[in-house]
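In what follows, a single structure is set out as structure tokens and then discussed.
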């Protein structure tokens with residue numbers, strides 16, 4: 001791929017001209033500058049090959065995760081819209097449409113703290129919805145959603161209770177805005193301080209082990225009148241990297 005070839009050429013040239021640690025720094029800077037291009041270039045062909053357990057692959061995975069994380073934190077964006085574009089850009093499905101697959105059999109009652117954030121009393125109805133956000137055969141995220149039915153209206157309630165419409169798409173008419181509560185990175189391709197210590201040994205014949213859960217967001221969603229109507233907890237899975245290394 002274009003970026004990978006450029007980085008390899010740069011590193012080969014570095015090895016003849018400067019110490020190895022300096023070459024890695026140059027490579028990392030190059031990848032950081034290209035991170036948005038990695039996520040947004042639909043013409044790039046993806047092989048879907050497994051991620052090798054190499055230092056370069058770990059840097060690439062880190063850059064991609066941070067790119068998606070930043071896009072999802074956009075206040076005026078919905079996870080549905082961001083994941084739809086991500087799926088299309090990285091050719092994860094022939095029809096890049098995100099669906100919400102309902103998961104039944106689990107119930108998480110709204111807590112007093114959540115009621116306070118949603119600005120509703122103890123007797124106000126709050127509906128819980130648990131879904132997997134899918135694109136093609138890939139489960140990109142798992143989402144818990146608590147929303148106030150009286151603030152979304154009957155038609156949006158119908159979509160949320162009877163269809164596989166993702167929450168972000170169903171409530172578009174409310175002009176939703178996110179107020180992020182927390183971001184938790186559940187997996188780090190490289191350990192803290194990786195930039196100041198020798199890189200881990202490459203194992204190109206091994207597959208990079210990724211856990212199912214990569215990172216988690218929690219947010220309160222407001223309508224155009226700045227009334228809170230939903231709280232969400234979203235866990236993004238390793239399937240967001242299913243297209244394989246660049």
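Any read-out appearing in this document is the output of simple, stated calculations on the displayed coordinates, not a laboratory observation. Note that this is a predicted model, so its numbers are computed, not measured. Backbone-built Cβ (ideal geometry, glycine too); neighbour counts: all protein chains shown.
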- Message: I want to make sure I understand the PRE zone here: with the label point 7 angstrom from the Cα of residue 111 toward its beta carbon, which residues in the stretch 172-210 have backbone N atoms less than 19 Å away?
- Response: 179-186
- Message: Could you tell me the ratio Rg/Rh of the stretch 101-246? Both radii from Cα atoms, Rh via Kirkwood.
- Response: 1.07
- By count of other Cβ within 10 Å, fewest leading, how are 147, 128, 222 ordered? 128, 222, 147
- Message: I want to check the label-to-label distance for residue 162 and residue 69. Put each point 7 Å from Cα in the C-beta direction and report it in nm to one decimal.
- Response: 4.1 nm
- If each of residue 197 and residue 213 carries a label point 7 Å out from its Cα toward its Cβ, how far apart are those two points in nm? 2.5 nm
- Exposure proxy check on 86, 212, 187, 51: fewest-to-most Cβ neighbours within 10 Å is 212, 187, 51, 86
- Task: Return 210, 156 ranked ascending by Cβ neighbour count within 10 Å, so the fewest neighbours appear first.
- Result: 210, 156
- Measuring from centroid to centroid over Cα atoms, what is the spacing of the stretch 77-95 and the stretch 98-114 in Å? 23 Å
